[in-house]
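The values are calculated or read from the model by the stated rules, or taken from the named source; none is laboratory data. Just so you know, these numbers come straight off a predicted model, no measurement behind them. With ideal geometry, Cβ positions are generated from the backbone for all residues, glycine too; neighbour counts draw on all protein chains shown. These area figures cover heavy atoms from the full protein model, side chains too; ligands, DNA and RNA do not enter into them. Shrake-Rupley method; radii C 1.70, N 1.55, O 1.52, S 1.80 Å.
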2 protein chains.
Amino acid sequence: MTFQEKLAIYADLILSVGLNVKPGENIQIKFDSQNLELVRLIVKRAYQMGAAHIVYDFQDDEMNLARYQHLNDDLLDDFPSVVADFKLNLYKAGYLQLSLVSPNPDLLKQVESARVGRINKARSKSMQESMRYGMENHSKWVVAAASSKDWAKAVFPTLPEEEAISLLWENIFTATRVTMKDPKEAWLKHDARLKEYQSYLNQKRYCKLHFVSELTDLTVGLVEGHIWNGGSEKTVSGEAFMSNMPVEEVWTMPNTIEVNGYVTMTKPLIVSGKLVSTLKLVFKHGEVVEYESDQPDTIKLLLESDSGAKRLGEVALVSIDSPIEKTGIHFKNTLFDENAASHLAFGQAYLDNIEDGNIMSLEERKERGMNHSSIHKDFMVGNKEMAVYGVTNDGQEEAIMIKGQWVI
Amino acid sequence: MTFQEKLAIYADLILSVGLNVKPGENIQIKFDSQNLELVRLIVKRAYQMGAAHIVYDFQDDEMNLARYQHLNDDLLDDFPSVVADFKLNLYKAGYLQLSLVSPNPDLLKQVESARVGRINKARSKSMQESMRYGMENHSKWVVAAASSKDWAKAVFPTLPEEEAISLLWENIFTATRVTMKDPKEAWLKHDARLKEYQSYLNQKRYCKLHFVSELTDLTVGLVEGHIWNGGSEKTVSGEAFMSNMPVEEVWTMPNTIEVNGYVTMTKPLIVSGKLVSTLKLVFKHGEVVEYESDQPDTIKLLLESDSGAKRLGEVALVSIDSPIEKTGIHFKNTLFDENAASHLAFGQAYLDNIEDGNIMSLEERKERGMNHSSIHKDFMVGNKEMAVYGVTNDGQEEAIMIKGQWVI
């Protein structure tokens, strides 16, 4: 297959398997100026599939950087409500949300952390309602990746530029099953496999998970009525979609006050445009009470975003024999790295991870232990040493993963 | 000067002379994917000048074309109100409006006129309120141009691509005074010259204009209390801006029911993506009652957009010794071609072309003879044969232009 053919299949998979576009639906596409070739294929295909209207959320590294570098100091804490309202109104009008990510891990390296933190905080605070609305699955949404110059350079620093971009594309195509014989069929089978883990865990109704390795000893309480998800999801009105491509994880909702012990991050992470290589956290009653990191300022700003930022909103299990982990590549991007290792997330929880979440009031959700925040930030904790146990109501521990792999 | 230096001066002129950006102001930039280099300079410079937030209105020829080609037939008459509302809300929130145009005259050549017409009509109808709001000068706004592959190819069809793009840039730089010794000073002087014509015409208070050439014999009544504008304008709150760069015209408001005679278009025009080469119109009591064109379907759709589309909203005088006309180039773009020849416009009138327009009710404006429409489309009627006379209250004709040049 030529690159063009693969790209066309990828565009089609994003729209059919990911967004599950139906005639008459509207789409917002967030993309980077380096993704134009893919976006053009997606837009054309979307209209052919019957899409009604497409809104572009254009991003450009240089323009973004200009804002972080040159925005006047007295404007750092402002974000325009007219823009936040538009995003929320798009959700409310039922726009499907497609995000194409092309991370540039080093983009903000030279910018003072405090500036980055204030700009991001103003934005996430202003966007909190639309983010929550999105995470409540009122609309179908998908996050997928596109290779780009800067991302490829960060992943393959020793390769010539063109070669690095191509190699990253090949890895994206492999991880998203583009190069398989029947990609849609392959996604169906993969989804069915994730659904098996999901239903096993849903039947077990563990009250806690226990993560153990040389670096970690952490218990994560699960909310009463928690639901494990894996692979495809459903909107509140019952339409299927695949929120991440690739996806290898099975995830549920931690109880915001029942996380205790210590945990060590096992893969580097980009936070506010900075590469965080080491992070060790101590939790007590659900809250981070101590941490060590090579980027303490960046972590401090993240955890102080709001009252929910230092508590967990997601716990996810990924086998270390995931095809992404097998590539041996560190993608320096959450979408890929979170599907290479078990992980936790600070901040906002997903509403579809709790029974009847969509008919509960905000107060009921909080009482049940659901976390709320203007941020949602995954960090990887799994590795080939890690065991994960499910703790039953009577305190028994049953193995779910041993040496990083499923044993159920 | 290198190209980079000229482009940086151009970016600065657009922001300082055009938008007159002040610290804390917000900007929306409409641009084409081919303009990224210029947009990046503008964004960086805008933040350095103290801009608070920048919203991108991204356009791409291929994506636009995909919509015209592939949008389902039953969706052609729909435009999402959530998008129209956002545009209006940006105006209401005081966002300055910068449009960078890179026309692609042949883009929609292969698309059925009826499809183009229906899609455009749905959009302009939905956008009518925000368009009117914009034309009422609540915010500062500017339209400027950027060279691009397809535009350059259309203007210089025989040149190699790179050469055509460069030559078009050079002509844009010349027309916008980028290459002059002190570009800002040059704009001040030019503005002062246009203001002289403006105040002469404002003192004269002609009740009609009479356009005469071999091809045209048209009288255009002016509304009572009409105001001539030329060069820089003021928002309703009194802030200066330059709405077009380049600008060579002095313009005012025709009376919507007092246009009589015939007029022949003197330069080709792009309408809904189609090149219209010939157009002859007969007006009676302000309305087009007959027309001949090589693109009758396209003109029909334009004039039938709404009840104001076949009446005039602007009359503008441009000397044929304008630097743009002197290049001898047909730019196939209204921004340039309208500043090379006297012109008229179908559709919506500008509120600042009538005294106290901003405190009149819509009914009062209509009674005065101001035209309202969801479209505003300029077409060129001046040439080196044309005379323009001002008709005084007692029926005397005084020469304003002879052989296409100012005689006042």
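Observations
- The lone criterion from (1) without any contact (Cβ under 8 Å) to a residue 24 or more places away in the chain; (2) under 21 Å from A:Ile54 (Cα atoms) left unmet by B:Tyr47 is number (2).
- Residue among A:Arg67, A:Arg132 that alone is at the interface with chain B (Cβ under 7 Å from one of its Cβ atoms), more than 17 Å from A:Asn26 (Cα to Cα) and part of a helix (DSSP H, G or I): A:Arg67
- Test: residue in segment A:201-211 that is assigned by TED's automatic domain parsing to the domain that holds A:Phe346, under 30 Å from A:Asn20 (Cβ atoms) and among the aliphatic types (A, V, I, L, M): yes
- Residue selection: B:Lys153 fails the criterion of being under 22 Å from B:Phe31 (Cα atoms), in contact (Cβ under 8 Å) with a residue 40 or more places away in the chain and charged (D, E, K, R).
- Selection of segment B:337-363 for residues being without any contact (Cβ under 8 Å) to a residue 60 or more places away in the chain, touching a Leu at 6+ places or on another chain (Cβ under 9 Å) and not in a loop (DSSP other than H, G, I, E, B) yields B:Ala345, B:Phe346, B:Gly347.
- Selection within segment B:325-373 - of a type in the set (A, V, I, L, M) and either out of contact with any helix residue (DSSP H, G or I) (no Cβ under 6 Å at 6 or more places or on another chain) or open to solvent by 20 Å² or more (accessible area, probe 1.4 Å) (or both): B:Ile329, B:Leu335, B:Ala341, B:Leu344, B:Ala345, B:Ala349, B:Ile354, B:Ile359, B:Met360, B:Leu362, B:Met370
- Annotation: of all residues in segment A:161-196 being touching a residue at least 60 places away in the same chain (Cβ under 8 Å), under 18 Å from A:Glu233 (Cβ atoms) and in a helix (DSSP H, G or I), the one that is most open to solvent (accessible area, probe 1.4 Å) is A:Lys184.
Residues are listed down the side, and each one gets a yes or a no for (1) in contact with an Asp or Glu (Cβ under 9 Å, 6 or more places away or on another chain); (2) open to solvent by less than 50 Å² (accessible area, probe 1.4 Å):
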site: A:Tyr206; (1), (2): yes, yes
site: A:Gly231; (1), (2): yes, yes
site: A:Val236; (1), (2): yes, no
site: A:Glu239; (1), (2): no, no
site: A:Trp251; (1), (2): yes, yes
site: A:Val259; (1), (2): yes, yes
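- Residue check for A:Gln48: in the same structural domain as A:Tyr10 (by TED's automatic domain parsing) and in contact with a His (Cβ under 7 Å, 6 or more places away or on another chain): yes
- Conditions (1) of a type outside the set (Ser, Thr, Tyr); (2) within 14 Å of chain A (Cβ to nearest Cβ); (3) touching a helix residue (DSSP H, G or I) at 6+ places or on another chain (Cβ under 9 Å): number failed by B:Lys22: (3)
- Filter pass, A:Ile119 being open to solvent by less than 40 Å² (accessible area, probe 1.4 Å), out of contact with any Asp or Glu (no Cβ under 8 Å at 6 or more places or on another chain) and within 30 Å of A:Leu88 (Cβ to Cβ): yes
- Of all residues in segment A:305-327, those that are closer than 25 Å to A:Ser272 by Cα and free of Cβ contacts under 8 Å to residues at least 24 places away in the same chain total 1.
- Taken over segment A:208-229, residues that are touching a helix residue (DSSP H, G or I) at 6+ places or on another chain (Cβ under 9 Å), part of a loop (DSSP other than H, G, I, E, B) and open to solvent by less than 10 Å² (accessible area, probe 1.4 Å) amount to 2.
- Test: residue in segment A:106-114 that is outside the structural domain of A:Asn229 (by TED's automatic domain parsing) and in contact with a Ser or Thr (Cβ under 8 Å, 6 or more places away or on another chain): yes
- Number of residues in segment B:195-210 that are closer than 15 Å to B:Asn393 by Cβ and either basic (Lys, Arg) or in contact with a Lys or Arg (Cβ under 7 Å, 6 or more places away or on another chain) (or both) equals 3.
- Scanning segment A:83-92 finds no residues that are within 14 Å of another protein chain (Cβ to nearest Cβ), at pLDDT 95 or above and on the phi > 0 side of the Ramachandran plot.
- Sole residue being in contact (Cβ under 8 Å) with a residue 60 or more places away in the chain and small (Gly, Ala, Ser), chosen from B:Ser126, B:Ser139: B:Ser139
- Selection of first residues in segment B:9-20 that are free of Cβ contacts under 8 Å to residues at least 24 places away in the same chain and not assigned by TED's automatic domain parsing to the domain that holds B:Met242 and of second residues that are assigned to a loop (DSSP other than H, G, I, E, B) and basic (Lys, Arg), restricted to Cβ pairs under 7 Å at least 6 apart or on distinct chains, gives an empty result.
- Positions within segment B:40-55 being part of a helix (DSSP H, G or I), more than 7 Å from every other protein chain (Cβ to nearest Cβ) and either in contact with a strand residue (DSSP E or B) (Cβ under 9 Å, 6 or more places away or on another chain) or not charged (D, E, K, R) (or both), in sequence order: B:Leu41, B:Ile42, B:Ala46
- Among the candidates A:Phe31, A:Phe58, A:Phe79, the residue that is open to solvent by 10 Å² or more (accessible area, probe 1.4 Å) and either among the β-branched types (Val, Ile, Thr) or within 13 Å of chain B (Cβ to nearest Cβ) (or both) is uniquely A:Phe79.
- Near pairs, Cβ below 7 angstrom, 6+ apart or cross-chain, from segment B:264-284 (without any contact (Cβ under 8 Å) to a residue 24 or more places away in the chain and in a strand (DSSP E or B)) to any residue that is of a type in the set (S, T, N, Q) and open to solvent by 40 Å² or more (accessible area, probe 1.4 Å): B:Val276/B:Gln295
- Residue satisfying all of: in segment B:270-301; under 16 Å from the mean Cα position of the chain (by Cα) and open to solvent by 10 Å² or more (accessible area, probe 1.4 Å); nearest to B:Ser124 (Cα to Cα) among these: B:Ser272
- Qualifying residue in segment B:7-24 (condition: closer than 18 Å to B:Leu168 by Cα, in a helix (DSSP H, G or I), open to solvent by 10 Å² or more (accessible area, probe 1.4 Å) and at pLDDT 95 or above): yes
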